[in-house]
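Down below is the structure, laid out as structure tokens.
Nothing in this text is a laboratory measurement; each read-out follows from the coordinates by a stated rule. Remember, predicted model here, so these are calculated numbers, not experimental data. Neighbour counts run over all protein chains shown; Cβ positions are idealised from the backbone, glycine included.
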Amino acid sequence: MASLQKMVEMLHRAKEGPFCTEKEWEQKVIPETNRKYLKKYDLERKYNPETPVNQDLALADRYFEAALEMAAEMGLLCTDTETVIKVSKDEIIQALKDTPDHLVLGLYRDRITLKARKPEDKALPVFAGPLCIQVSEELFVPVAEGILKSKKVRIQEGPSIDTVFGKPVYSGSPYETAVGVRVVELKRQAMRRAGRPGMPQMAICSSTTEYGNLGGFHLLNSKENPAISIILNPSELKTNYSAFHKAIHAIGCDGYLDCGGAYAMIGGFSGSPEGCVLTNIATDLLMFTILQSDVAASAIYDMRFDSSCSRHALWANTVATQAEARNTHMMLYKLINQLAGPCTEEILYTSAAGSIATAVSGVAFQIGPRTAGGRFKNYLTPLEHWFMAEVFESSAGMTLDKANEIVLYLLSTYEKGLKDPPEGKPVTQCFDLKILTPSKEWAAISEKVTKDLRAHGLPMDEPNVSRK
Amino acid sequence: MGSKEEILKKILDAIIAGDIPAIETAGKEALDSGINPQVILEEGGSKGLDIVGEKFENLEMFLPEMLAASEAMKALNKMVLPHLTAGGLAKKKEGASVVFGTVYGDLHDMGKNITATQLSLHGYEVHDLGTNVSVKEFMKAADEKNARIIAMSSLMTTSSYYQRDMIEHLKKIGKRDQYYVIVGGGVVTEDWAQTIGADGYGRVATDAVKVCDLLLEGSVKPGTGTIHVFQGSTKRHGATKTYYKEVE
């Protein structure tokens with residue numbers, strides 16, 4: 001568990017730290033420091049399009065060494081105070097020693113041990129879902145219940161609602177506090193209906209600011225079943241008061257901390273895929289040291305597609321994961337941002353590529369999928385969650401070489417269409433929520449892709465069955 | 001003094017390099033040698049920006065370099081726009097002030113930053129209000145900056161409600177016909193933009209430029225029910241080819 005005293009110390013460093021505007025941090029400090037360390041450690045131009053799953057583990061180790069030094073030089077910018085929270089290299093190393101390598105979560109038959117993993121680890125990674133995708137209030141319980149019908153979905157996170165008792169939830173207002181309470185009620189209903197009242201929990205979705213967590217996290221968290229608090233940060237190498245609010249509240253509840261969401265963007269301030277690897281690792285290290293995160297949760301996206309499934313992004317995420325998994329016992333996940341919607345082949349192929357690439361590289365768990373990029377309300381169904389959970393677990397013990405071979409094939413199925421992803425169908429048009437069964441069309445798509453993956457060497461079970 | 005082509009090439013190179021002193025020298029040289037201001041902007045500045053865009057797509061240039069190019073383009077606009085006398089760009093010059101922010105309760109800024117950069121690159125005077133901006137703050141800034149466009153970004157559904165509040169507020173205070181309101185961001189769709197009565201909607205950053213150009217160069221007044229929608233695709237929620245439609 002994180003320490004309140006340490007958190008207050010970091011808050012104090014935010015108050016007293018050196019001043020830096022957000023603009024200077026993004027446009028000068030990040031790019032210049034990043035370039036300096038890429039050069040110093042000979043890490044420029046290492047991206048290899050033939051290995052979207054990185055095969056060079058010594059290279060990954062070098063990225064880690066550089067990121068550790070870079071993190072100690074930079075620190076995190078607190079955007080509310082426009083000051084830099086500085087920590088020393090020794091403090092980072094100590095934080096990495098102190099961080100847990102496993103968490104026991106959940107109750108009864110749903111009790112699990114979330115464990116740190118290494119590249120090519122045979123231990124099963126844990127699949128969590130759904131993400132905080134918006135659904136109508138009346139669909140929350142059946143959709144969530146349907147997702148939990150797969151026993152391979154082992155932690156519950158979302159979905160989200162944007163109304164509370166039919167009234168719009170305005171961000172930064174008491175509506176968010178109210179929705180924090182409301183989603184806990186709905187999650188409990190879904191868990192009971194799915195026969196899984198002891199599900200491990202991540203929360204709170206449905207609220208942009210800290211109000212949702214303040215409203216609901218303590219209701220979901222208990223001494224017997226500590227929940228993981230979702231603490232999103234603005235972007236790479238930045239944090240804010242909202243993250244501190246959530247972290248402090250979780251400490252007060254004896255919950256766990258998931259401090260992430262600080263994505264590095266290929267094409268953005270960190271520049272190249274190589275630059276993003278560096279800032280992504282540095283960000284995770286600082287989230288553990290400054291916000292005392294229990295799990296590492298920032299990933300790399302490709303700004304050109306707003307996705308982590310492009311060839312460049314897959315490579316960058318696998319290098320960063322391997323670097324962190326080999327050199328620490330942090331429990332990692334690297335979110336996959338799929339762009340296609342339900343009832344399309346693309347959502348399944350991109351989910352498979354991201355799941356396989358991250359699982360073999362050493363993530364402890366994965367949450368997802370981000371169906372239709374999270375852009376449209378009600379565009380998520382249980383089936384893509386069942387599918388992704390199966391693929392993810394089936395990737396345990398696979399070699400990096402085999403994973404690369406499969407991912408290269410998967411890229412050939414969707415890569416050209418990344419700029420124009422099909423939006424698919426809302427849940428009401430491709431999934432029967434009364435009997436929790438996909439439509440014939442959606443089931444056939446899943447069967448086809450499953451067969452294809454098996455033919456390419458992934459030993460996955462059939463996800464596409466009626467669950468009620 | 002070099003030939004017309006040589007001078008325009010200097011401008012183009014300075015834009016790509018984000019070199020403000022070089023753009024000031026080349027811009028002055030272009031004006032002094034009597035090159036049509038519209039040609040300076042289009043064949044020097046805009047062409048340079050196209051190359052910046054291509055380089056970004058190929059991961060040869062990144063956001064910091066794009067921002068530097070945007071600053072260079074701003075410097076060029078500042079020198080050349082006052083010399084325009086007629087035509088679309090001149091019309092744009094008269095009303096090219098945009099107040100831009102991420103709405104209240106929403107701290108996401110990446111999409112807003114990229115879109116603001118695109119607008120700056122294309123000659124707009126962008127007043128970036130940052131994130132977590134209330135309706136009241138948008139209103140105050142729009143009045144103070146004499147803006148014509150209020151651009152509101154929102155990543156979350158729960159914050160997009162403030163886009164509707166902005167439009168309702170403008171109606172209440174009798175200023176709906178004074179400001180164009182354009183909306184965009186993660187969860188914001190064409191449907192939402194139409195529902196709340198926005199004047200424009202774009203799916204991606206470059207769409208915003210096209211939307212603003214249409215609003216300022218066209219004859220449609222704010223809040224009349226016509227919406228310019230660019231989302232780069234022939235599909236409803238897609239993202240590649242450019243097209244627009246007007247809904248009366």
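Some notes on this structure:
- Think of the protein assembly as shown as having a plus end and a minus end, set by charges on the Cβ of Lys, Arg, Asp and Glu; of A:30, B:130, B:201, B:201 sits farthest toward the positive end of this dipole.
- Residue-count net charge about residue B:25 - beta-carbon cut-off 12 Å; Lys, Arg +1, Asp, Glu -1: -3
- Unit charges on C-beta of K, R, D, E only; dipole of the stretch A:37-82, Debye: 200
- Exposure proxy ranking for A:287, B:79, based on other Cβ atoms within 10 angstrom of each Cβ and starting from the fewest, stands as B:79, A:287.
- Label zone at residue B:143 (point 7 Å along Cα-to-Cβ), backbone N below 17 Å, the stretch B:171-208: B:171-180
- Chain A: DSSP helices with Cα axial extent of at least 20 Å and average Kyte-Doolittle hydropathy no lower than 0.0: A:57-74, A:273-290, A:345-361, A:400-414
- Bridging of residue B:172 to lysines at a Cα separation below 16 Å is possible for B:136, B:140, once same-chain residues fewer than 8 apart are set aside.
- The protein assembly as shown - charge dipole about Cα centre, Lys and Arg +1 at Cβ, Asp and Glu -1, debye rounded to 20: 1700
- Rounded Å value of the spacing that divides the Cα centres of the stretch B:107-138 and the stretch A:71-124: 33
- Take every Cα pair under 8 Å whose residues are at least 6 apart in sequence, average their separation, divide by the length of the stretch B:4-85, and the relative contact order is 43 percent.
- Surrounding net charge for residue A:226, when Lys and Arg each add one and Asp and Glu each subtract one, Cβ distance under 11 Å: -2
- Rounded to the nearest 20 debye, the dipole size of the stretch A:230-339 about its Cα centre is 160 debye, using +1 on the Cβ of Lys and Arg and -1 on the Cβ of Asp and Glu.
- Helix-only [θ]222 nm of the protein assembly as shown, DSSP H runs n ≥ 4, -39500 (n - 2.57) each, per residue, nearest 500: -14500 deg cm²/dmol
- Residue exposure proxy: A:259, A:253, A:343, ordered by other Cβ atoms within 10 angstrom of their Cβ from fewest to most, comes out as A:253, A:343, A:259.
- Cα-based shape type of chain A, given that a ≥ b ≥ c are square roots of the gyration tensor eigenvalues and the cut on a/c is 1.5: oblate
- The slack in the chain from residue A:16 to residue A:89, taken as 0.36 nm per residue of separation less the alpha-carbon distance, amounts to 24.3 nm.
- Proxy reagent accessibility, fewest Cβ within 10 Å first, across A:43, A:380, B:59, A:257: B:59, A:43, A:257, A:380
- Straight-line cross-link partners of residue A:118 among the lysines, defined as a Cα under 18 Å from its Cα and at least 8 positions apart when in the same chain: A:97, A:334, A:402.
- Mean separation of Cα pairs under 8 Å and 6 or more residues apart, divided by the residue count, gives the stretch A:113-202 a relative contact order of 30 percent.
- The stretch B:173-199 and the stretch A:238-301: distance between their alpha carbon centers, rounded to Å: 33
- Expressed in Å, the radius of gyration and Dmax of the Cα atoms of the stretch B:4-85 are 11.9, 38.
- The spread of Cα positions in the stretch B:95-246, taken along each principal axis and listed from longest to shortest, comes to 37, 34, 30 Å.
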